[in-house]
Amino acid sequence: MTRVDRKESVAGCAGYGETADALNEFPKGGLSTVTLGALAAFPQQLEAHYAAIPEEFKHWKPPSWEGIPSEPFTAIEQVCHVRDIEVDGYHARFRRTLNEINPTLVSIDGAALAEERSYATSSASEAFAVFREARAITVQLLSGLTPEELMRVAVFEDYGPLTLRSLAHYLCSHDQQHLAGLQWLLGKIEALSAQARTPDSKEENQ
């Protein structure tokens, strides 16, 4: 899609003039090195975060999931989810956006997939191996796309119209959500030790 085409695509939007000016200033080259670097570094970061979870808490569920910044998954389920969203989600979305005209891209029901594929009993080492290979394919693909290919459009369920470049950014965002989810689990695990040291109400009243 050319700059003119992209500009025309937002012509009917409120505040079109400001939007068009912003789009004219937006990078038109390849995917940013910041995003590519983050995508490439993520597998190692994910493994490090998972390793930080104590072994006895790899399958642990907190009493409440309120406040978790990712889907409500245990540590092992987080890893399996990331693997499957890469392969079944984003690989398919990138491929369809490149090869089809304005395709509608479906969202994946992560909870249903976790149940169907028995995340709770999965091997973390196997999940990491599959994910590392899948992410390498993703980075190689995105690194080689032309500006025109990055501007190809699709409609993403629950997100609306977007470009292939948008998908790359959303994938990077999804990565960070799951690092945050593992950090949140670490916070909940650490809170257990604080609760164990907190005197009960009877002791406080003595």
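Within the stretch 101-123, track down each residue that is aliphatic (A, V, I, L, M) and closer than 14 Å to E157 by Cβ. Show your work before the answer.
Initial filter on the stretch 101-123 (aliphatic (A, V, I, L, M)): 101, 105-106, 108, 111-114, 120.
Of everything in the stretch 101-123, those that are aliphatic (A, V, I, L, M) and closer than 14 Å to E157 by Cβ turn out to be L105, V106, I108.
Let's see how each residue does on (1) loosely packed, with under 12 Cβ neighbours inside 10 Å; (2) farther than 27 Å from Y159 by Cβ:
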{"residue": "E56", "(1), (2)": "yes, yes"}
{"residue": "S64", "(1), (2)": "yes, yes"}
{"residue": "I85", "(1), (2)": "no, no"}
{"residue": "Y90", "(1), (2)": "no, no"}
{"residue": "S125", "(1), (2)": "yes, yes"}
{"residue": "F128", "(1), (2)": "no, yes"}
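Since every read-out is calculated from the coordinates, none of them should be taken as a lab result. Predicted, not measured: the structure shown is a model, and the values here were computed from it. A quick note on method: Cβ atoms are made from the backbone with ideal geometry, for glycine too, and the neighbour counts reach across all protein chains shown.
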